[in-house]
Amino acid sequence: MHRYHRPIYAYLYRLTGRREAAEDLAQECFIRLMTRIREYNPAQPFRPWFYTIAHNLYKDHCRAAEQRAHPAAEPLSPEVPAPIDLTERIAEQAEVAVAVGALAEGEREVLVLRYWGDLKVDQIAAATGLPAGTVKSRLFHAVQKLKRALLDPAPARRNQA
């Protein structure tokens, strides 16, 4: 639990955008892990299997919600930075959170698994049940959209006004 709580929580937080939902889902993830540990095949890597559990819980959470909303742009609390850098880091985190939150759900999932979950394409495919080509395509489009959003955030700000 010590090894995987933070990464699973971070993954779920980036998908849901809400701390409470992410914490509840992370706890449920560990409960499911304990009840399904006999299903684990030791010949396969553990981490992608565990992310599959988290991914499925998130999907269940979305299906159960009455309305699907994009995650709120709530930046993660920073690790005690120098006071001068604090404002910049929070602003950057907020911009990234808004840009990631604006992605389509499928693009957001694969992006978070790849760059925050540090999973490879084949592991993401196994965790999400998608073909590897679809994962690659979604990653490519997600990265392109993030680049556009972060390099030219003015249109997004005009749309919010």
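The values are calculated or read from the model by the stated rules, or taken from the named source; none is laboratory data. Because the structure is a prediction, the values reported are computed rather than measured. Cβ: placed from backbone, ideal geometry, glycine included. Neighbour counts: every protein chain shown. Keep in mind that these areas ignore ligands, DNA and RNA; they rest on the heavy atoms of the full protein, side chains included. Shrake-Rupley method; radii C 1.70, N 1.55, O 1.52, S 1.80 Å.
Observations on the model:
- Convex hull volume per residue in cubic angstrom - Cα atoms of the range 102-157: 68
- Per-residue accessible area (protein heavy atoms, 1.4 Å probe) orders Glu28, Glu92, Glu39 as Glu39, Glu92, Glu28, starting from the largest.
- Solvent-accessible area assigned to carbon and sulfur over the range 1-67 amounts to 50 percent, based on a 1.4 Å probe.
- If you plug the beta carbon distance of Val143 and Glu28 into 1/(1 + (r/R0)^6) with R0 = 35 Å, you get a FRET efficiency near 0.70.
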